[in-house]
Amino acid sequence: MANAEERRFEVLRAIVADYVSNQEPVGSKAIVDRHNLGVSSATVRNDMAALEEEGYITQPHTSAGRIPTDKGYRLFVDRIAEVKPLSAAERRAITAFLDSGTDVDDVLRRSVRLLAQLTRQVAVIQYPMMTNSAVRHLEVVPLTPARLMLVLITDSGRVDQRTVDLGDVITEENVGRLRTVLNGALAGRRLSEAAAAVAELPEKSPGELRDNLTRVCTVLVESLVEHPEERLVLGGTANLTRNVSDFPGSLRQVLEALEEQVIVLKLLAAARNPGAITVRIGEENEDEQMRSTSVVSIGYGMDDMLLGGMGVVGPTRMDYPNTIAAVRAVANYVGQILAGR
């Protein structure tokens, strides 16, 4: 029985491979001709009947061919023992392309463009989550004698700028003192802890700095407790239109859903650990508009520190092994690059 089950899985694997490649229902003769399974057409037909009865494949119309169901794709994805690694040349190309990014925004834009090209799907990446970051430095820049710019730089390379109107002139010496006091309280702290530390600063500061520090800290706390991680970069949407038939009557719904950041963020929410791949297939997607799609997502970061999520969205008729390999490789490099900045 174990052998029969294994043979049926090989038949399912053949159906998935051919259907993903050709977008045509697959018949038993095609499986025997194209795949070296070592069995007759009659045996394959029996295996296909069993797979259909168990809900792994279905007959789209009255031809002899079958196509995988969501359940069939799920079994196939769960049984991918080894994802083919990218070649050394592909890895070098990814590294060179992403390494030349000038800042976090540029790295993320490049990542999305690269992932969309590698997978020929829609690629999406979440900005580094500020809540998981620590403050590297806070720069205080005088714009006018009574106006300052605050530049918050995190260890994930994220830069957040705010301006503060002081309501009164501040000396250069006091700007330097503000910078020292603020960095003393912030540097090295996680953003979740930094907000509390900043809120307490005015009470502890010298009287001549207190008013200025109160205004600066009010703006800083707002910046620290906001959630800029709810920013996304999306690319390759046009890839979905290459095969409209993959989305019967629902491509417009999918495109509309992708425009809603909340829906896309929910798709990436499963990313909890850097390097852990999640695949949601068809009906497994919570949002009704996305039920004709598959989503391959992953967390990116370094070691145990999760910076954000990224992934691709495409039809359920997807080249899962190559898509998983590409998503994993790009996430790995993005994590390394941002952690090293």
Inset, instruction - Could you provide, to the nearest whole Å², the per residue accessible area of the chain with probe 1.4 Å? - result: 48 Å²
Inset, instruction - Mind giving me the FRET efficiency for Gln336 and Ala4? R0 is 51 Å, r the Cβ-Cβ distance, nearest 0.05 is fine. - result: 0.65
Inset, instruction - Would you mind getting me the FRET efficiency between Glu256 and Asn174? Use the beta-carbon distance for r and R0 = 56 Å, nearest 0.05. - result: 0.60
Inset, instruction - Just flag the trypsin sites (Lys or Arg not before Pro) in segment 1-103 sitting in loop per DSSP whose Cβ has no more than 14 other Cβ atoms within 10 Å. - result: Arg79
Inset, instruction - Select from Thr95, Ser245, Asn36 the residue farthest towards the positive end of the dipole of the chain; place +1 on Cβ of Lys and Arg, -1 on Cβ of Asp and Glu, and compute about the Cα centre. - result: Asn36
Legend entry - Simple label model, 7 Å out from Cα along Cβ direction - Leu143 to Glu286, nm: 3.8 nm
Legend entry - HN-Hα J in Hz across segment 312-324 - Karplus 6.51, -1.76, 1.60, θ = phi - 60°, x for Gly and Pro: 10, 10, x, x, 5, 7, 10, 7, 4, x, 5, 5, 4
Inset, instruction - Round to the nearest 0.05 the FRET efficiency obtained for Thr58 and Arg91 when R0 = 30 Å and r is the Cβ-Cβ distance. - result: 0.20
Inset, instruction - For segment 108-196, give the percent of accessible area contributed by carbon and sulfur heavy atoms, probe 1.4 Å, rounded to a whole number. - result: 49 percent
Inset, instruction - Percent of Cα-Cα pairs per 10 Å bin, from 0 to the last occupied bin, for segment 195-323, please list those. - result: 11, 32, 23, 14, 11, 7, 2
Inset, instruction - Would you calculate a helix-derived [θ] at 222 nm for the chain, using -39,500 (n - 2.57) for each DSSP H run of n ≥ 4 and dividing by the full residue count, to the nearest 500? - result: -15500 deg cm²/dmol
Legend entry - Virtual spin-label span in nm between Ala50 and Arg79, 7 Å along Cα→Cβ: 1.1 nm
Inset, instruction - Please work out which option in (1) 1.30; (2) 1.11; (3) 1.03 gives Cα Rg over 2.2 N^0.38 Å calculated from these coordinates, and answer with its label. - result: (1)
Legend entry - Exposed-loop-free span, longest in the chain, where GluC sites (Glu not before Pro) count as exposed if DSSP calls them loop and at most 14 other C-beta atoms lie within 10 Å: 83-225
Inset, instruction - Quickly work out the Arg242-to-Arg109 label distance, labels modelled 7 Å from Cα along the C-beta direction, and quote it in nm with one decimal. - result: 2.4 nm
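The values are calculated or read from the model by the stated rules, or taken from the named source; none is laboratory data. Keep in mind it's a predicted model, so treat the numbers as computed, not measured. Note that each Cβ is placed from the backbone with ideal geometry, even for glycine, and that neighbours are counted across all protein chains shown. What goes into the accessible areas is simple: the full protein's heavy atoms, side chains included, and nothing from ligands, DNA or RNA. Shrake-Rupley method; radii C 1.70, N 1.55, O 1.52, S 1.80 Å.
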